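Notes to accompany the following structure.
A short reminder: the numbers here are calculations on the coordinates, not readings from a lab. Everything numeric here is computed off the predicted structure, so don't read it as measured data. Quick reminder, even Gly has a Cβ in these numbers, built from the backbone with ideal geometry, and neighbours come from all protein chains shown.
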Amino acid sequence: MLSPAEIATVNSRVDLRALAADLGAGFRGKSRVGRCPICGGGRSAQRFEIKRDGRSWACAVCNDGGDAIRLVMRVKGLDFRGAVEALGGPVKLSEAEREKLEAKLAVEQARRNREASIYRERERRRLYEIWRNAAPLVGTPVEPYLGGRGISWRLGELDLRFAVAPYFHGEEEDERGRKSPRRIYEGPAMLAAFVGPDGRFRGLHLTWIDAARPGEKAEIFDPDTGEALPAKKMRGHKLGGWLKLTKAGDWTRLCCGEGIETTLSMREAHYDRFGYRAAGDLGNLAGKAEATVAHPFLKTPSGRAQRVPGDAPVADSECMPIPSETRELVLLKDGDSDPFTTDLAMTRAARRRARPGLVIRQMSPPAGLDWNDVLRG
Ligand SMILES: [Zn+2]
């Protein structure tokens, strides 16, 4: 067993961003966001992030994150000891050195926790203001957007809203060197609220839409690189929450998908046979995996087998809650991501929720399609 101080000696010697880049993260310029060296990032490659502190990472698709040791474990399929050795092993510390370093680490950790909780609450309030001031969707550009995707059944019962919202990408620095998010675009957006297990507001899902072309998302480009950016963003505390799609719902029969349009396509086909909720992404739908497994044919840019999250769930990892009254749970699979990775994630999602009295089914669209394609087809 290594002490926390010895573990810190391993991590502190690593430049995490450089390590992630070596393992295949592929950052552009100075960006901290790139392709996930574990899962490849799913549909949107930009889902892997080195946190602001430079010492931890997170991937929204893997629903995983941690320090340099964990990254090496996940990417190379090593156990803890193996990853520590791969990073050069721990530094031997005297008892006095160990105590001193551990005290310092505890102070730093407490400070980081404090800052994170202040930031999280501030962001929650900011997002709640946007939500509170947004308009109910009927009669706004959200209505033709959904209509263009074949979704029109009892829209007044949906709890989606409309606002003209700013789009932030990257950071900018003012003359005093203070960094803040950089606003690169503003336009009409469909809003959905992330709520916690207690129903409390905790974040926003924003989809920027093209008001001139019903059913289409806005096209947003990075002003520096010209790269097309995702028209969706999730802000606030997503993990462990769910997207509230309808104002009310009977949760005894629950149908859950990754995205809003996917889940609403199912509602359009089945009306109120179910209650409908969306997870936002695969990570929040499936929860964290116990370990990664080698992909049968996908290779990383460096030529080794891509490792993807396996089907064994971590029982206490944060992910979308299923209400205790639910007796039937339908998990919607999206057909447009890598099938091997998605199958593992869906099995993990089902295993994670298994309990007596709950019937869990998975529904798959035809290969290469998502549920909205099926609805429109
Ligand atoms: Zn990943």
message: With just the Cα atoms defining each centre, how far is the range 210-248 from the range 93-167? Give it in Å.
response: 13 Å
statement: Extension length gain for Asn113 and Phe221 (0.36 nm per residue less Cα distance), in nm, is 35.5 nm
- request: Quick one: of Lys30/Lys238; Lys92/Lys299; Lys100/Lys288, which pairs are farther than 31 Å apart, Cα to Cα?
  value: Lys92/Lys299; Lys100/Lys288
query: Suppose R0 equals 41 Å; then what is the FRET efficiency for Leu78 and Ala354 from their Cβ-Cβ distance, rounded to the nearest 0.05?
result: 0.90
- line: Ordering 226-236, 263-273 by per-residue average of other C-beta atoms within 10 angstrom, highest first, gives 263-273, 226-236
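Quick one: order Trp153, Trp242 by neighbouring beta-carbon count within 10 Å, fewest to most.
Working: Trp153 15, Trp242 26.
By the 10 Å Cβ count, ascending, the order reads Trp153, Trp242.
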field: Charge dipole magnitude, Cβ of K and R +1, D and E -1 - the chain, Cα centre, debye nearest 20
entry: 500 debye
- prompt: At Glu99 and Asp53, where each label point lies 7 Å from the Cα along Cα→Cβ, what is the point-to-point distance in nanometres?
  reply: 2.5 nm
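Size of the dipole of the range 4-93 about the Cα centre, Lys and Arg at +1 and Asp and Glu at -1 on the beta carbon, nothing else charged, in debye to 20?
Numbers: 16 positive and 9 negative charges, 75 e Å.
The calculation lands at about 360 debye.
Tally Lys/Arg at +1 and Asp/Glu at -1 over every other residue whose Cβ is under 12 Å from the Cβ of Arg28; what's the total?
0
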message: Report the Cα-based extents of the range 1-142 along its three principal axes, largest first, to the nearest Å.
response: 68, 32, 27
query: So how strong a dipole does the range 239-377 carry about its Cα centre when Lys and Arg Cβ are +1 and Asp and Glu Cβ are -1, to the nearest 20 debye?
result: 300 debye
field: Two-site label geometry, Glu123 and Leu2: point separation in nm, points 7 Å out along Cα→Cβ
entry: 2.8 nm
- prompt: Comparing Ala110, Ala68, Ala189, which has the greatest mean-square fluctuation in the GNM of the chain with Cα pairs linked when under 10 Å apart?
  reply: Ala110
- line: Out of Asp198, Asp67, Asp250, a Gaussian network model of the chain with alpha-carbon springs under 10 Å gives the largest mean-square fluctuation to Asp198
- line: Hits in the range 68-91: amide N under 20 Å from the 7 Å Cα→Cβ extension of Asp316, namely 70, 80
- line: Here Rg/Rh (Cα, Kirkwood) for the chain equals 0.98
query: Using a cut-off of 20 Å between alpha-carbon atoms, which aspartates and glutamates can reach Lys247, once sequence neighbours fewer than 8 places away in the same chain are excluded?
result: Glu129, Glu143, Glu157, Asp159, Asp198, Glu258, Glu261, Glu268, Asp272, Glu325
- request: For the chain, with a Gaussian network of springs between Cα atoms less than 10 Å apart, report the residue from Phe340, Phe48, Phe162 with the top mean-square fluctuation.
  value: Phe340
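Based on the alpha-carbon gyration tensor of the range 239-377, what equivalent-ellipsoid semi-axes (square roots of 5 times the eigenvalues) come out, in whole Å, largest first? Write down the numbers at each step before the final one.
Numbers: eigenvalues 136, 70, 27 Å².
The three semi-axes for the range 239-377 are 26, 19, 12 Å.
Taking the Cβ of Gly82 as the center, what net charge do the other residues with Cβ under 14 Å away carry, scoring Lys and Arg +1 and Asp and Glu -1? Walk me through the numbers before you get to the answer.
On the way: positive: Arg70, Arg74, Lys76, Arg81, Arg307; negative: Asp79, Glu85.
Value of the local net charge: +3.
Taking only DSSP H segments of four or more residues, each worth -39500 (n - 2.57), what value at 222 nm results for the chain once the sum is divided by all its residues, to the nearest 500 deg cm²/dmol?
Numbers: 10 runs with 115 residues, N = 377.
Result for the chain, helices only: -9500 deg cm²/dmol.
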